[in-house]
1. How many residues does region 136-160 contain that are of a type in the set (A, V, I, L, M, F, W, C) and more than 18 Å from Arg176 (Cα to Cα)?
2. Take the conditions closer than 26 Å to Leu20 by Cβ and surrounded by 14 or more Cβ atoms within 10 Å (Cβ to Cβ) and apply them to Ser54. Does it pass?
3. Mind counting the residues in region 151-174 that are free of Cβ contacts under 8 Å to residues at least 40 places away in the same chain and under 16 Å from the mean Cα position of the chain (by Cα)?
4. Quick check on region 207-222: of everything there that is under 18 Å from the mean Cα position of the chain (by Cα) and hydroxyl-bearing (Ser, Thr, Tyr), which residue is surrounded by the most Cβ atoms within 10 Å (Cβ to Cβ)?
5. Determine if region 106-127 includes at least one residue that is surrounded by 15 or more Cβ atoms within 10 Å (Cβ to Cβ), touching a Lys or Arg at 6+ places or on another chain (Cβ under 9 Å) and at pLDDT 90 or above.
6. Can you tell which of Ser92, Ser83, Ser137 is small (Gly, Ala, Ser) and in contact with a Ser or Thr (Cβ under 6 Å, 6 or more places away or on another chain)?
7. For region 204-226, which positions are part of a loop (DSSP other than H, G, I, E, B) and hydrophobic (A, V, I, L, M, F, W, C)?
8. Give the residues of region 191-212 that are over 17 Å from Glu175 (Cβ atoms) and aliphatic (A, V, I, L, M), sorted by residue number.
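The values are calculated or read from the model by the stated rules, or taken from the named source; none is laboratory data. Here the structure is a predicted model, which means the values were calculated and not measured. Note that each Cβ is placed from the backbone with ideal geometry, even for glycine, and that neighbours are counted across all protein chains shown.
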Amino acid sequence: MVRIRTQFWNAWAFVERENLHRILATIILLVLGSSISLAVVEPRIELLDAMWWSIVTLTTVGYGDIYPQTLGGRFIALIIMFSGIGVLAAFSATIASVLVDRKLKEDRGMNTYKLKGHIILCEWNYKARDVIEELRSDPETEKTPVVLIADIEQKPLNDKNLFFIQGNANDETLERANLAEAETVVILGDEKLNACNRDAKVILTTLTIESLNPKAYTIAELVDRENVRHCKRANVDEVVVASELSSSLIAQTTLDHGLATIISEILRTNDGSELYRVPVPPSLIGKMFKEAFITIKETHNGIVLAVYKGSQKRAIVNPPMDFVFEATDHLIIVTSERPHLS
């Protein structure tokens, strides 16, 4: 009931904001006036039938089931017909104008959104495009709303679940993105800036986000590893040093050929096996890593690479076989599709 009442008042606010109440009032007056007049000059037509006739004549050309026979009744019919053309044209034009204006505002990043459990993506570049493509490739996030905050002219992708806000990530744009209800925020580097200024902007954005919603999971991209400690002071949850990952991968592949191909395949959601983080199921709490490793291989053809300790917020890669799981732990698994453990 509360939801219906809220929707009604939202609809009425829209009607008032777009001045539709004047057109609606005119339509009501036309229907009432013509109905009463027709009932007076056409004694055979009752008031309710006259109202039905007025509505169908105003909106269409009438069904012919009721029609005036007197000269006065036909004169009223002419008035309602011509008035209906003008009023409905004005109503249609207003609605069309509102829809076009809303679409333009959406494409130009001028809207405010009231989403929940969404992802906020700060900055736009080829990495941002890759992030969105990967999200859409995973069944868990293919319909998750993503709000892009970037200083570009218009929405860059035709994605109905991608929402665009034009500008830099600051208090005002983050509020319009409903940061308070966001689940994850990804802060990418501004490639228009040099490395030093790029990292400084990322750290400043992280500070702003953490001050407004410390519960949101924040992921920041940096250029220089020296700036990781500054980002950690801003309470970021995770830092990715992109250049370091690239150089380390090249070096490792130089030593062990083929590693780059394998890692690229694991990281791409739509190619072969991928990495997934899933909660430890109740059946494995208190059990050893060896049992989980065998169970997941047998049931999901997956390999457990690491365990994320939720209580300590750290990952243990290749844990010992006698490692015992706790309720807050997560498994990092390589498998062909997201496993649902029970």
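1. Of the residues in that region, 1 qualify.
2. yes
3. The number of residues fulfilling the criteria is 8.
4. Looking at the filtered set, the residue picked out is Thr218.
5. Yes, region 106-127 contains at least one residue that is surrounded by 15 or more Cβ atoms within 10 Å (Cβ to Cβ), touching a Lys or Arg at 6+ places or on another chain (Cβ under 9 Å) and at pLDDT 90 or above.
6. The conditions single out Ser137.
7. The first filter runs over region 204-226 and keeps only residues part of a loop (DSSP other than H, G, I, E, B), leaving 213-216, 223-224.
Correct list: Ala216, Val223.
8. Leu193, Ala195, Ala200, Val202, Ile203, listed by residue number.
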